[in-house]
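Notes for the one structure printed next.
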Amino acid sequence: MPSDSHPQPTGRLDRIPAVWLVVAGIFSVQFGAAIAKHLFPLVPPTSMVWLRLATSSVIFLIVARPRLRGRNRTDWLVALGFGLSLVTMNWAIYQSFARIPLGIAVTIEFLGPLTVAIVGSRRLLDLVWVALAAAGVALLGLTPGSLNLAGVLFALLAGLGWACYILMSAQTGRRWPGLQGLTVASLVGGILLAPPAILEAGSRLLQPEVLAFGVAVGLLSSVIPYSLELNALRRIPPRLFGILMSLEPAAAALAAMILLREFLTWTQWLALACVVSASVGATRSNRPPAEPAAI
């Protein structure tokens, strides 16, 4: 029986269990990433990220209609910082999995939110999760054949961007309610990335096929998952949401297997399991801020 603090189902999404909405959002993000990687020979990574941000910006603008008048300097600085973290996270992870397998890139990237969950904790148990995550990274180091330094460094930069995204989300949410903060951040990211994206892809960005795939990736990787996760967060505790988000690396590996024929070795699967387990354990022990992912 639902408690009084949870709204009764009213819309179609409300009739679906919140856990399944989060899981669907996770797989939507990762399948969108796999589709994007498949298109890299046609559209370079930077241009694909820009198409994704442009798509989400237009849709979020229509839906959220952010109030821009009357904003003070701090509001805009927070939105700018949120936008910088968003574009860094997305651009870096696309650069990473252009060079190394998608599942491995997302596993390394996930060290960012895991660090946010653990930093500042004084619980001895959290040292176990640190050691487990370190073991996962060490196992990845045992399979250098599928890795290169640039891909790993870009994944670490994406993890840093994700950590900043989480830390900035609380301030953004207080100053820009609902989807307004994400809308402004997407616009900031799209504006910053437009010059290099246009220089990199040129007239290819105007091809109908490219535009269609860019819209598809934007929907799968940003619009659909954020909408699903926003609905789910109204009905489940943030800590449960954070635990579910720990499935991101596994979802990325599965999407890469299905769409890209990227198969991980047993050592890489074990490394992935270590990082996912460390994330679940750290999230259960703490209550970090949880926000939808935006690979």
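The values are calculated or read from the model by the stated rules, or taken from the named source; none is laboratory data. Every value quoted in this text rests on a predicted model; they were computed, and no experiment measured them. Here the Cβ is made from the backbone with ideal geometry for all residues, glycine too, and neighbour counts use every protein chain on show. Note: areas computed on protein heavy atoms with side chains; ligands, DNA, RNA excluded. Shrake-Rupley method; radii C 1.70, N 1.55, O 1.52, S 1.80 Å.
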- Given only helices, namely DSSP H runs of n ≥ 4 each adding -39500 (n - 2.57), what is the per-residue ellipticity at 222 nm of the chain, to the nearest 500 deg cm²/dmol? -23500 deg cm²/dmol
- TRP20 to VAL63: FRET efficiency via 1/(1 + (r/R0)^6), r the Cβ-Cβ distance, R0 30 Å, to the nearest 0.05? 0.85
- Applying the Karplus parametrisation 6.51 cos²θ - 1.76 cosθ + 1.60 with θ = phi - 60° to the phi angles of region 231-236, what ³J(HN,Hα) value in whole Hz is obtained for each residue in order, glycine and proline being reported as x? 5, 5, 5, 6, 10, 10
- Message: If I compute solvent accessible area with a 1.4 Å probe over the protein chains, what percent of it on the chain is carbon and sulfur?
- Response: 69
- Message: Percent of Cα-Cα pairs more than 22 Å apart in region 147-255, please.
- Response: 48
- Quick one: compute the contact order of region 26-107, relative version, from alpha carbon pairs under 8 angstrom and 6+ residues apart, as a percent. 46
- Count the net charge of all other residues whose Cβ sits under 13 Å from the Cβ of LEU68, scoring Lys and Arg as +1 and Asp and Glu as -1. +4
- Item | LEU125-HIS38 pseudo-label distance in nm [points 7 Å out on the Cα-to-Cβ vector] | 4.2
- Query: How high is the relative contact order of the chain, in percent, counting Cα pairs under 8 Å that sit 6 or more residues apart?
  - Reply: 40
- The ³J(HN,Hα) series, computed from each phi in region 179-194 with the Karplus coefficients 6.51, -1.76 and 1.60 at θ = phi - 60°, rounded to the nearest Hz and given as x for glycine or proline, is 8, 4, x, 5, 5, 5, 4, 5, 5, 4, x, x, 5, 5, 8, 4
- Item | Under 15 Å, Cβ to Cβ, from PRO17 - net charge with Lys/Arg +1 and Asp/Glu -1 | +2
- Query: Counting Lys and Arg as +1 and Asp and Glu as -1, what is the net charge of the other residues whose Cβ lies under 13 Å from the Cβ of ILE93?
  - Reply: +1
- Item | Of LEU244, ALA155, PHE110, farthest towards positive along the dipole that unit charges on Lys, Arg, Asp, Glu beta carbons give region 96-246 | LEU244
- Give me the accessible area per residue for the chain, probe 1.4 Å, as a whole number in Å². 46
- Query: Hey, with R₀ at 30 Å, roughly what FRET efficiency would ALA135 and LEU230 work out to, going by the Cβ-Cβ distance, to 0.05?
  - Reply: 0.30
- Note on the structure: Quick shape check on the chain: root eigenvalues a ≥ b ≥ c of the Cα gyration tensor, a/c under 1.5 is rounded, otherwise prolate if a/b tops b/c, else oblate, and it reads rounded
- Message: Give me the percent relative contact order of region 149-290, please, defined on Cα pairs under 8 angstrom at least 6 residues apart.
- Response: 26
